[in-house]
Amino acid sequence: MSIAFEELREEHLPEVKKIYDWYIANSTATFHTEPVEIEELREFIYLGHPRYSSCLIRSGNEIAGYCFLTPYKKRQAYNRTAEVTIYLKPEMGKKGIGKTALDYLEKRAVNNGLKNLLGIITGDNHGSIALFTKCGYRQCACFRNVGEKFGKILDVMAYQKEV
């Protein structure tokens, strides 16, 4: 299976929205509870940013998902740290695409001068926790009972890797 990454562009946002809206409606991977507008995506997915990469993921000729780096916090002292996010189409899971995307983002992060990467993951998202752990991330925080979705009270876990 051939995995390729393409810089995320404006014309990709409708497909990104479709993937993200699936997670909103069907999972606790995000704490959004209502479908997002394209404008909202632009608030947390950076297009064409020199430091924080956003990419479409292709498996062969098919869009498999998207991934991106964002600032951990928008304060200068955190400029060495980024948050890593990966969303795959549901049918694209468990094929090694997530690991390939995480490896790709780590290389981009290093090339862009980042030193620390964080995965912020819902406590019941066992697939993402397994992926980040497998790739050398260590749990560094657990925010207990901070979210509620689908009538379920949820923890948020932070996983960190120095790159």
> Among the numbered criteria (1) touching a strand residue (DSSP E or B) at 6+ places or on another chain (Cβ under 9 Å); (2) surrounded by fewer than 19 Cβ atoms within 10 Å (Cβ to Cβ); (3) not in a loop (DSSP other than H, G, I, E, B); (4) not aliphatic (A, V, I, L, M), which single criterion is violated by ARG51?
Replying inline: (3)
> Restricting the first residue to segment 68-87 and requiring it to be in a loop (DSSP other than H, G, I, E, B), which pairs with a second residue that is modelled with pLDDT of 95 or more and buried (at least 17 other Cβ atoms within 10 Å of the Cβ) meet a Cβ separation below 7 Å and a spacing of at least six or different chains?
Replying inline: TYR72/THR81; TYR72/ALA82; TYR72/GLU83; TYR72/LEU118; ARG80/LEU114
> Which residue, of ALA130, ALA141, is touching a strand residue (DSSP E or B) at 6+ places or on another chain (Cβ under 6 Å) and either not aliphatic (A, V, I, L, M) or not in a loop (DSSP other than H, G, I, E, B) (or both)?
Replying inline: ALA141
> Can you name every residue in segment 144-163 that is assigned to a strand (DSSP E or B) and hydrophobic (A, V, I, L, M, F, W, C)?
Replying inline: VAL146, ILE153, LEU154, VAL156, MET157, ALA158
> So which of ALA4, ALA64, ALA25, ALA77 is more than 27 Å from ILE153 (Cα to Cα), aliphatic (A, V, I, L, M) and out of contact with any strand residue (DSSP E or B) (no Cβ under 6 Å at 6 or more places or on another chain)?
Replying inline: ALA77
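The values are calculated or read from the model by the stated rules, or taken from the named source; none is laboratory data. Quantities reported herein were computed from a predicted structural model and do not represent experimental measurements. Backbone-built Cβ (ideal geometry, glycine too); neighbour counts: all protein chains shown.
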